[in-house]
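Below: one structure, written as structure tokens.
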Amino acid sequence: MKVLKFGGTSVGSAQRMKEVANLILDGERKIVVLSAMSGTTNTLVEISDYLYKKNPVGANEIINSLEKKYFATIEELYSSQEYKGKAKETIKTNFDYIRSFTKDLFTLFEEKVVLAQGELMSTAMFNLYLQEKGVKSALIPALDYARTDKNAEPDPAYIKDKLTAILANNPDQDIYITQGYICRNAYGEIDNLQRGGSDYSASLIGAAINADEIQIWTDIDGMHNNDPRFVENTQPVRHLHFEEAAELAYFGAKILHPTCITPAKLNNIPVRLLNTMEPSAPGTLISNETELKKIKAVAAKDGITSIKIKSGRMLMAHGFMRKVFEIFETYQTSVDLVTTSEVGVSLTIDNKRHLPEILDDLKKFGTVSVDEEMVIICVVGDLEWTNLGFEAKVVESLRNIPVRMISYGGSNYNISILVKAEDKKRALQALSDHIFNKKN
């Protein structure tokens, strides 16, 4: 059985839902994971903001507008009055529940409960549409099997146990519809997966049922070899190793979140990135196999701050590095890149929330300098050090770009370069021209 995930854009209108239905009805049993309709989550966040501000009039105005949009979608989606009535009755229940928070502003209010209504509505509507078409489909609520533990991390054993039981109780269905993103926490409260959202849900479900394949359907044809927003003539990458995909996702490729493929990787389940607008395109296949001796793609991570600590006492000073990194741990600030010499260390962070306190503490150990508005550019592929010349290609590509840091060797799949934000577009284009387009 395969697991197919469709994002908000893919189910963002009645026509898109019909197109998704045509994609999944190929005679094979599958689990389909859906996000909320595009724009819904942002609107629910806005409603929640009004509720937090004790403004029921503002909240109800937005609720009424969103409900009107859903009813219009229902009119277009279904062909029979019977199913239009069923859908309106179901969706009205969700909106009435959201409205209930406007009637007593002293009732304990939780934004995550409101946000969950988006996925609950999209899946209910889609399941009813399949049933109107005569498809044997079942709606399996994520809130019945998806759970996080006390550390807010997914609980794979619980998910597998509950989901297996639910599927066993519904053995005669061809299609199973479920929600992405939403879950319950260790205390039974409605929560969400945050990082990776519906992609993470699909990967967890795939791992739980030992799926043949996990498909992530979006509105672009796979992961590209560079950022098409800044670079001309980019091409989809047809095959990536899990590690390569994770590096690209962490360092800026927005199509995928770095954590969401971990369950698939651990269970050796291939992940395929596909395009709902061009379903015949091969997309990108992510697996534990790799193409040897090949640079695959480039990504960029914005909002980087570089910190350099220079200390004449560092040479032969036992524990210096430990003390430096303890400061970042104290302020729960992750470090991306690190380079060292005998007199200092340079590193980067992407979270400036505690930057003043961090700098103040670092000054106890040496002279501290900061460069803000920086970008990490990540070059990914089979970059094993025995593959001669790859690092030279990268450096040669950037011969006209000022480079602040280079990190190589921490991974067999990644060379990272730090440049100024103002040089980002030139650097990305130069790498594409030199590495992929074979220009001088």
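The values are calculated or read from the model by the stated rules, or taken from the named source; none is laboratory data. Here the structure is a predicted model, which is why all the values come from computation and not from measurement. We place every Cβ from the backbone using ideal geometry, glycine too, and count neighbours over all the protein chains shown. Accessible surface is based on the protein model in full, side chains and every heavy atom, while ligands, DNA and RNA are left aside. Shrake-Rupley method; radii C 1.70, N 1.55, O 1.52, S 1.80 Å.
Would you tally the residues in the stretch 134-152 being basic (Lys, Arg) and surrounded by 15 or more Cβ atoms within 10 Å (Cβ to Cβ)? Walk me through it before giving the result.
Applying the first criterion (basic (Lys, Arg)) to the stretch 134-152 yields 136, 147, 150.
With surrounded by 15 or more Cβ atoms within 10 Å (Cβ to Cβ) added as a condition, the list becomes 147.
Of the residues in the stretch 134-152, 1 are basic (Lys, Arg) and surrounded by 15 or more Cβ atoms within 10 Å (Cβ to Cβ).
Of a type outside the set (A, V, I, L, M, F, W, C), in contact with an Asp or Glu (Cβ under 8 Å, 6 or more places away or on another chain) and surrounded by fewer than 16 Cβ atoms within 10 Å (Cβ to Cβ), is that true of residue 425? So that I can check it myself, show each step before the final result.
Numbers: of a type outside the set (A, V, I, L, M, F, W, C): yes; in contact with an Asp or Glu (Cβ under 8 Å, 6 or more places away or on another chain): no; surrounded by fewer than 16 Cβ atoms within 10 Å (Cβ to Cβ): yes.
No, not satisfied.
Among the residues of the stretch 364-404, write down those that are at pLDDT 85 or above, over 20 Å from residue 350 (Cα atoms) and acidic (Asp, Glu).
Matches in the stretch 364-404: 396 only.
Output the number of residues of the stretch 389-398 satisfying the condition of being in a loop (DSSP other than H, G, I, E, B) and either surrounded by 14 or more Cβ atoms within 10 Å (Cβ to Cβ) or touching a residue at least 24 places away in the same chain (Cβ under 8 Å) (or both).
Within the stretch 389-398, the first condition is being in a loop (DSSP other than H, G, I, E, B), and the residues that meet it are 389, 398.
Next, from what is left, pick out any that are either surrounded by 14 or more Cβ atoms within 10 Å (Cβ to Cβ) or touching a residue at least 24 places away in the same chain (Cβ under 8 Å) (or both): 398.
Number satisfying all stated conditions: 1.
For residues in the stretch 153-199 being outside any loop (DSSP other than H, G, I, E, B) and of a type in the set (Phe, Trp, Tyr), which is most open to solvent (accessible area, probe 1.4 Å)?
Quick first cut of the stretch 153-199, residues outside any loop (DSSP other than H, G, I, E, B) only: 154, 156-168, 175-179, 182-184, 190-192, 197-199.
Retained after the next criterion (residues that are of a type in the set (Phe, Trp, Tyr)): 158, 176.
On the way: 158: 64, 176: 0 Å².
Top of the filtered list is 158.
Condition first: within 15 Å of the chain's Cα centre (by Cα) and surrounded by fewer than 18 Cβ atoms within 10 Å (Cβ to Cβ). Now tell me which residues in the stretch 206-251 satisfy that. Break it down into steps so the answer makes sense when it comes.
Taking the stretch 206-251 first, the residues within 15 Å of the chain's Cα centre (by Cα) are 214-220, 222-223, 242, 245-251.
Passing the criteria: only 219.
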